[in-house]
1. Which one is surrounded by the fewest Cβ atoms within 10 Å (Cβ to Cβ), of the residues in segment 267-296 that are among the aliphatic types (A, V, I, L, M) and out of contact with any strand residue (DSSP E or B) (no Cβ under 9 Å at 6 or more places or on another chain)?
2. Could you look through segment 247-266, keep only residues that are under 15 Å from the mean Cα position of the chain (by Cα) and among the small types (Gly, Ala, Ser), and pick out the one that is surrounded by the most Cβ atoms within 10 Å (Cβ to Cβ)?
3. Tally time: how many residues in segment 307-348 are outside any helix (DSSP H, G or I) and among the small types (Gly, Ala, Ser)?
4. Spot the failing condition for residue 66; the list is (1) over 27 Å from residue 244 (Cα atoms); (2) among the small types (Gly, Ala, Ser); (3) surrounded by 20 or more Cβ atoms within 10 Å (Cβ to Cβ), and only one is missed.
5. Being buried (at least 17 other Cβ atoms within 10 Å of the Cβ), part of a helix (DSSP H, G or I) and under 25 Å from the mean Cα position of the chain (by Cα) is the filter here, so list the residues in segment 9-61 that pass it.
6. Given the conditions (1) in contact with a strand residue (DSSP E or B) (Cβ under 7 Å, 6 or more places away or on another chain); (2) closer than 19 Å to residue 188 by Cβ; (3) assigned to a loop (DSSP other than H, G, I, E, B); (4) not aromatic (Phe, Trp, Tyr), which single one is not true for residue 74?
7. So how many residues does segment 293-345 have that are under 23 Å from the mean Cα position of the chain (by Cα) and charged (D, E, K, R)?
8. Go through segment 297-334 and report how many residues are over 15 Å from residue 279 (Cβ atoms), open to solvent by 70 Å² or more (accessible area, probe 1.4 Å) and of a type outside the set (A, V, I, L, M).
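The values are calculated or read from the model by the stated rules, or taken from the named source; none is laboratory data. Everything quoted here is computed from the prediction, not taken from an experiment. A quick note on method: Cβ atoms are made from the backbone with ideal geometry, for glycine too, and the neighbour counts reach across all protein chains shown. For accessibility, only protein heavy atoms count, side chains too; no ligands or nucleic acids. Shrake-Rupley method; radii C 1.70, N 1.55, O 1.52, S 1.80 Å.
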Amino acid sequence: MRGSDARTLSQLLAERIIPLTLELLPHGHREGVEWRCGSLAGEKGQSLAVRLTGTRRGVWADFSSGERGDALDLVASCLFAGNRRDAMDWARRWLGLGDGPVPETVRRSVSAKVNSVELDQDEQKRRAKARQLWHEAPAGIAGTPVETYLAGRGIDLREMGRQPGSLRFHPTVWCGEVRRPLPAMLAAICGPSGKLVAVHRTWLAQTASGEWTKADLQAPKKVLGSFAGGCIRLWRGASGKSLGMAEEDESVIVAEGIETGLSVALACPKRRVLCAVSLSNMKSLKLPDAIKEITIAADNDTGNESARKALNAAIQEFIRQGRVVRVAMPETEGRDWNDVIREEHDRQEIDEGS
């Protein structure tokens, strides 16, 4: 049964759809033969309906976003930003078909989740908007302006053999600063369970020469939704496994920004790489106990006292958790690891042209 296919797993999940919906969407409510909530984010509402009984049990639809699917799709959408492969691994363990431990979310009692403090109404709306924005964008960035933008930053994802599933391109993302939609790179920010909790937006603009760069804005990067303790899962490394299934004694690299994290992944493709989104959030990251060693790919902001304090706070917190911590920092003040690979790339082009 370990190698159960998607159809079989979906059927088995459908047979246990009531405890599954309580697990994934605890703030919903039952209406006859359906479980109802606001969206895949799980807030109160009516837009999302999951069938609980009959031959169609496990089938669900979000009438606001147009998303729909079976029980396995529900797991993928709620916990893994649509990734069915991760959802299949999780489902095997949740159903007791695999060798690994039951996922942590299941070990907590359903009643505790139902009675937990709910998100305030504004945060519910922001999280729902973030999830809707993410699902509006097609999966994959090959051939999109995101791929071109990153290549312009010295990050050629083709060299890595695969592309991060945590990145997408959206052609029209509303930008409050200019009061109109702009193209943007989206990044999924996931909480400890793997569920998408927020979306990082980097607005892009095309130059007269056809290159894609960050838009000329006062704030070209913003996050939609609260993300304390969450991270962008940029690169899985050699194991290819999701963060929640990290192997015992695994080590990870944690960077502050997306471009820095991708630069490190390009240089160290066998290592798992996470993006903390902000330096202040780094100390709040919730990582699996299996991860025993952390390398912080830090920017060289030694002249910035607040940045230095935030970095030290993250180091001390990871040490307190019993993890080995190393810090990798560029030699030159004011540089990050993306600056380093871009400088190396420029030198290589000069050497090849000479």
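1. 267
2. The selected residue is 255.
3. Of the residues in segment 307-348, 3 are outside any helix (DSSP H, G or I) and among the small types (Gly, Ala, Ser).
4. (3)
5. Those that are buried (at least 17 other Cβ atoms within 10 Å of the Cβ), part of a helix (DSSP H, G or I) and under 25 Å from the mean Cα position of the chain (by Cα): 9, 10, 13, 20, 21, 23, 24.
6. (3)
7. 5
8. Summing the residues that are over 15 Å from residue 279 (Cβ atoms), open to solvent by 70 Å² or more (accessible area, probe 1.4 Å) and of a type outside the set (A, V, I, L, M) in segment 297-334 gives 5.
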